[in-house]
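A quick write-up on the structure given underneath.
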Amino acid sequence: MNHELKARLNRVRERLQPFGENPPPPDPLTLSIWETGAQLAAMTETERAAQAAELGISIENLLKMQREIQKSKY
């Protein structure tokens, strides 16, 4: 069983190897999400309130969205 586990781990490692040092560039959707996060981070409180109202969500939800985007980037 130990041998089987090592073999599985080695197969996983081999599949991940191409992404090791040179991960693929982000896709357009990811870039757009990151851009939205940067825009949210740069907003003033007044701009955030207006954006939240436009989206029909609370400011707290808008801030949560900003935090989640920032976490996904790193």
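FYI, it's all coordinate maths here, none of it is from the lab. Keep in mind it's a predicted model, so treat the numbers as computed, not measured. Cβ sites come from the backbone with ideal geometry, for glycine too, and all protein chains shown count toward neighbours.
Can you compute the charge dipole magnitude of the chain about its Cα centre, using +1 on each Lys and Arg Cβ and -1 on each Asp and Glu Cβ, nothing else charged? Give it in debye, rounded to the nearest 20.
About 560 debye.
Just the projected area, averaged over all directions, of the convex hull on the alpha carbon atoms of the chain: how many nm²?
It is 7.7 nm².
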